[in-house]
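Trainee: Structure in structure tokens, see below.
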Amino acid sequence: MAQVTREILVNTLEQIALLLELKGENPFKTRAYRNGAEIVQNFDGDIVSLAAQNELKLIKGIGDALQQKLFELASTGTLRYFEDLRSEFPASLFELFELQGLGPKKIKALYDNLGIDSIHSLKEACAGTEITKLSGFGSKTVSKILSTIENREKFAERFRLGEVAPLAETLLERLKNHPKVSRAAIAGSYRRSKETLHDLDFLVASSEPVELTAFFTSFDEVHEIIVQGETKASIRLNNGLQCDLRAVSNEHYPFALQYFTGSKEHNVALRSIALKQGLSLNEYDFTGEVQLPEVREESDIYQALGLEWVAPELRENRGEIEAAQRAELPRLVELDHLRGTFHNHTTASDGSHTLEEMAAAAIDHGLQYLGIADHSQSSVQANGLSEVRLREQIEKIRQYNQEAQDFRLFAGSEVDILKNGELDFEDELLAQLDYCVASVHNAFGLPEKEMTQRIIRAMENEHVTMLGHLTGRLLLKRDPYDLNIEKIIDCAAETRTVIELNCNPWRLDMDWRWWHRARDRNVLTSINPDAHKTEQLQFLAYGVRLARKGWLRREDVLNTMKLSEIQSWLALPKHQR
DNA sequence: GCCGTTTTCGGCCCGACTGTTTTCAGTCG
């Protein structure tokens with residue numbers, strides 16, 4: 001039997017929901033499966049083992065039927081009910097659900113009447129006329145389907161936070177500067193700082209919503225207008241990114257901001273708290289028979305429900321509501337708490353700027369210190385430094401520091417963790433450095449156990465200050481390598497090894513979902529841009545956003561220490577840190 | 001299919017927009 005994973009449980013429930021929709025089943029039954037998928041996805045614990053032991057009954061939203069099905073799937077690897085359902089339709093039918101504008105009813109009509117069972121056959125059918133003979137399908141529907149298929153081939157479905165942010169902020173400024181706009185924000189997953197985004201949700205407060213949707217859809221960057229109504233509009237930009245706009249009154253704005261920031265799970269939990277107080281919360285208002293609280297800002301909504309205001313990054317229903325009820329939310333780290341940063345490259349290896357240029361840029365950023373960590377000798381592809389060149393660089397940094405005032409460079413190395421867990425330089429050389437970042441750059445395919453052991457061995461080295469980009473993932477491009485992160489975190493706690501939060505928009509590694517756990521074990525992070533150019537020091541802003549998402553406070557972040565503190569800290573033997 | 005301090009049946013979020021249709025179904029978020 002193949003290894004059953006959480007992902008398999010989730011996907012199976014979601015596919016059952018789709019199949020039931022296709023069959024025209026009771027929509028609430030469909031929702032129960034979809035809801036179940038969400039619960040399994042977000043469950044904090046080993047849901048697969050619990051399912052295999054038939055111990056899910058106490059979880060709200062999982063009833064007898066779902067428990068039984070998850071038990072069968074987790075313990076045998078297959079689910080008869082699902083297999084039977086699935087055999088009623090061709091597998092390729094599922095891809096039609098990926099097209100915006102096509103839902104179960106339309107897909108069923110296409111399949112039942114014309115035998116259309118894939119995007120390919122749909123595209124062919126659109127060239128003919130038979131589709132327009134179906135009830136509900138006119139010429140506009142056909143041309144819309146064709147453009148959706150074309151866009152799907154041309155554009156990505158998701159985007160990296162850091163790659164979207166500059167444009168997002170430009171568009172937001174434009175909306176804010178409109179004379180009929182009193183308040184504006186980007187809500188949604190952008191405000192929650194998810195590492196990848198599907199779209200941007202703009203929100204404006206305005207007395208002239210029609211004018212604003214027209215303004216929005218006339219932006220130069222617009223590739224197509226998806227919808228445009230009186231209070232909302234959707235556009236696709238030239239880069240493929242979808243942007244939605246909601247225009248609401250100033251009174252409704254705090255509610256809309258809260259509602260459209262999400263997450264859905266956070267809002268569901270919030271609404272149920274409201275209901276217990278006799279209040280109903282929606283995207284525009286509080287309603288109810290009781291005295292309605294006065295709301296001018298988003299924070300007033302939380303206050304009215306007896307909660308601390310929850311920072312958007314935390315709104316994932318991962319314990320923040322309970323913490324807000326107890327007034328125990330963390331004071332999250334902020335960008336201007338950072339005093340320096342550690343993982344940066346220069347022209348000595350694969351960077352674009354010299355040591356002096358990087359130092360000047362760091363000073364411009366208001367930093368008190370900058371760690372230089374060029375690649376080590378095994379990273380030939382990145383022009384890694386030989387032992388001799390590293391010694392020269394250390395000397396150069398010492399000279400720089402003799403002349404520098406109120407600023408300091410730290411001599412480090414991004415030293416490769418070799419396949420067997422040994423480091424790329426001898427301990428004698430590592431001891432000359434102020435610090436050392438240890439990273440994996442090859443042999444990504446090792447089995448989980450070996451990869452974990454490899455990194456643990458590196459952490460056990462006295463000279464390894466921190467781990468670089470822990471899982472090697474490249475967002476939307478390359479999966480993390482197999483690694484037991486729980487063990488890594490435990491070992492980091494034991495060996496006093498720092499785990500980097502790599503701020504490169506492609507990495508944002510380690511993943512934000514693990515930081516709370518690391519924090520609770522007193523593992524420190526260092527927010528590092530992995531800068532290969534001076535302008536990439538700006539990546540620090542993304543790292544801070546993800547650190548906040550991981551519940552990290554100022555005291556959990558090594559590079560919030562001021563220069564004198566960090567010097568003392570680095571001087572300590574590792575086990576005393 | 002799930003839930004319940006309104007508790008074993010009856011309700012489950014609903015408003016905005018589009019397209020095709022003469023009053024509304026389907027989709028989305």
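The values are calculated or read from the model by the stated rules, or taken from the named source; none is laboratory data. Keep in mind that what you see is a predicted model, and the values were worked out from it rather than measured. Glycine also receives a Cβ, built like all others from the backbone with ideal geometry; neighbour counts cover every protein chain displayed.
Trainee: For region A:521-539, indicate whether the set of residues that are within 24 Å of A:GLY384 (Cα to Cα), at pLDDT 95 or above and among the small types (Gly, Ala, Ser) is non-empty.
Mentor: yes
Trainee: Can I ask one more? For A:LEU96, only one of the following conditions fails: (1) exposed (fewer than 15 other Cβ atoms within 10 Å of the Cβ); (2) within 13 Å of DNA strand B (Cβ to nearest atom). What is its number?
Mentor: Status for A:LEU96: all satisfied but (1).
Trainee: Moving on. Out of the residues in region A:68-93 that are assigned to a loop (DSSP other than H, G, I, E, B) and touching a residue at least 60 places away in the same chain (Cβ under 8 Å), which is farthest from DNA strand B (Cβ to nearest atom)?
Mentor: A:GLY77
Trainee: Condition first: more than 16 Å from DNA strand B (Cβ to nearest atom), outside the structural domain of A:LEU237 (by TED's automatic domain parsing), assigned to a loop (DSSP other than H, G, I, E, B) and among the small types (Gly, Ala, Ser). Can you find one or more residues in region A:113-136 that meet it?
Mentor: yes
Trainee: Within region A:475-489, work out how many residues are surrounded by 15 or more Cβ atoms within 10 Å (Cβ to Cβ) and closer than 16 Å to A:GLU195 by Cα.
Mentor: Residues that pass the stated criteria total 2.
Trainee: Is one or more of the residues making up region A:282-300 assigned to a helix (DSSP H, G or I) and not charged (D, E, K, R)?
Mentor: Looking through region A:282-300, at least one residue is assigned to a helix (DSSP H, G or I) and not charged (D, E, K, R).
Trainee: I've got another one for you. Give the residues of region A:414-473 that are within 15 Å of A:HIS375 (Cβ to Cβ), within 26 Å of the chain's Cα centre (by Cα) and not hydrophobic (A, V, I, L, M, F, W, C), sorted by residue number.
Mentor: Matches in region A:414-473: A:GLU414, A:SER439, A:HIS441, A:ASN442, A:GLY468, A:HIS469, A:GLY472.
Trainee: Could you list, in sequence order, all residues of region A:230-244 that are near DNA strand B (Cβ under 8 Å from one of its atoms) and assigned to a strand (DSSP E or B)? Full working, then the answer.
Mentor: Just the residues of region A:230-244 that are near DNA strand B (Cβ under 8 Å from one of its atoms), to begin with: A:230-234, A:242, A:244.
Once the filter is applied, which keeps residues that are near DNA strand B (Cβ under 8 Å from one of its atoms) and assigned to a strand (DSSP E or B), region A:230-244 yields A:LYS232, A:ALA233, A:SER234, A:GLN242, A:ASP244.
Trainee: Could we say that A:GLU25 is within 13 Å of DNA strand B (Cβ to nearest atom), in contact (Cβ under 8 Å) with a residue 24 or more places away in the chain, among the acidic types (Asp, Glu) and not assigned by TED's automatic domain parsing to the domain that holds A:GLU316 here? Steps first, please.
Mentor: Working: within 13 Å of DNA strand B (Cβ to nearest atom): yes; in contact (Cβ under 8 Å) with a residue 24 or more places away in the chain: no; among the acidic types (Asp, Glu): yes; not assigned by TED's automatic domain parsing to the domain that holds A:GLU316: yes.
No.
Trainee: OK, next. Say whether the condition of being among the aliphatic types (A, V, I, L, M) and surrounded by fewer than 14 Cβ atoms within 10 Å (Cβ to Cβ) is met by at least one residue in region A:104-125. Step through it out loud before you land on a result.
Mentor: Step one: list which residues in region A:104-125 are among the aliphatic types (A, V, I, L, M), which gives A:107, A:109-110, A:114, A:116, A:119, A:122, A:125.
Next, from what is left, pick out any that are surrounded by fewer than 14 Cβ atoms within 10 Å (Cβ to Cβ): none.
Checked region A:104-125: no residue is among the aliphatic types (A, V, I, L, M) and surrounded by fewer than 14 Cβ atoms within 10 Å (Cβ to Cβ).
Trainee: Could you list all residues from region A:527-547 that are charged (D, E, K, R) and farther than 15 Å from A:LEU508 by Cβ?
Mentor: Matches in region A:527-547: A:LYS533, A:GLU535.
Residue-by-condition table, conditions (1) outside the structural domain of A:ARG318 (by TED's automatic domain parsing); (2) closer than 20 Å to A:LYS264 by Cβ; (3) part of a helix (DSSP H, G or I); (4) more than 7 Å from DNA strand B (Cβ to nearest atom):
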| residue | (1), (2), (3), (4) |
| --- | --- |
| A:GLU21 | yes, yes, yes, yes |
| A:TYR33 | yes, yes, yes, no |
| A:GLY36 | yes, yes, yes, no |
| A:GLN41 | yes, yes, yes, yes |
| A:ASP44 | yes, yes, no, yes |
| A:VAL48 | yes, no, yes, yes |
| A:ALA51 | yes, no, yes, yes |
| A:LEU56 | yes, no, no, yes |
| A:LEU66 | yes, yes, yes, no |
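Trainee: Could we say that A:ARG517 is among the basic types (Lys, Arg) and crowded, with 17+ Cβ neighbours inside 10 Å here?
Mentor: Against the criterion (among the basic types (Lys, Arg) and crowded, with 17+ Cβ neighbours inside 10 Å), A:ARG517 does not qualify.
Trainee: List pairs: first in region A:216-244 and assigned by TED's automatic domain parsing to the domain that holds A:TYR190, second of a type in the set (S, T, N, Q) and away from DNA strand B (no atom under 11 Å from the Cβ), Cβ under 6 Å, 6+ apart or cross-chain?
Mentor: Between residues of region A:216-244 that are assigned by TED's automatic domain parsing to the domain that holds A:TYR190 and residues that are of a type in the set (S, T, N, Q) and away from DNA strand B (no atom under 11 Å from the Cβ), the close pairs are A:GLU221/A:ASN238; A:HIS223/A:ASN238.
Residues are listed down the side, and each one gets a yes or a no for (1) in contact with a helix residue (DSSP H, G or I) (Cβ under 9 Å, 6 or more places away or on another chain); (2) surrounded by fewer than 22 Cβ atoms within 10 Å (Cβ to Cβ); (3) under 30 Å from A:THR534 (Cα atoms); (4) of a type outside the set (A, V, I, L, M):
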{"position": "A:LEU292", "(1), (2), (3), (4)": "yes, yes, no, no"}
{"position": "A:ASP300", "(1), (2), (3), (4)": "yes, yes, no, yes"}
{"position": "A:LEU307", "(1), (2), (3), (4)": "yes, yes, no, no"}
{"position": "A:ALA327", "(1), (2), (3), (4)": "no, yes, no, no"}
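Trainee: Filter region A:247-285 down to residues that are closer than 23 Å to A:PRO179 by Cβ and more than 12 Å from DNA strand B (Cβ to nearest atom), then give me how many there are. Show your work before the answer.
Mentor: Filtering region A:247-285 for residues closer than 23 Å to A:PRO179 by Cβ gives A:247-254, A:256-257.
Narrowing the set further to residues that are more than 12 Å from DNA strand B (Cβ to nearest atom) leaves A:250-251, A:253-254, A:257.
Selection size over region A:247-285: 5.
Trainee: Okay, moving on. Hey, can you tell me all the residues within region A:372-387 that are out of contact with any strand residue (DSSP E or B) (no Cβ under 8 Å at 6 or more places or on another chain) and in contact (Cβ under 8 Å) with a residue 40 or more places away in the chain?
Mentor: Matches in region A:372-387: A:GLU387 only.
Trainee: Next question, about the same structure. Just the residues that are among the small types (Gly, Ala, Ser) and within 14 Å of A:ASP416 (Cβ to Cβ), please, taken from region A:430-475.
Mentor: A:ALA438, A:SER439, A:ALA443, A:ALA458, A:GLY468, A:GLY472
Trainee: Hey, another quick one. Within region A:330-345, is there a residue that is over 29 Å from A:TRP512 (Cα atoms) and either assigned to a helix (DSSP H, G or I) or more than 31 Å from the chain's Cα centre (by Cα) (or both)?
Mentor: no
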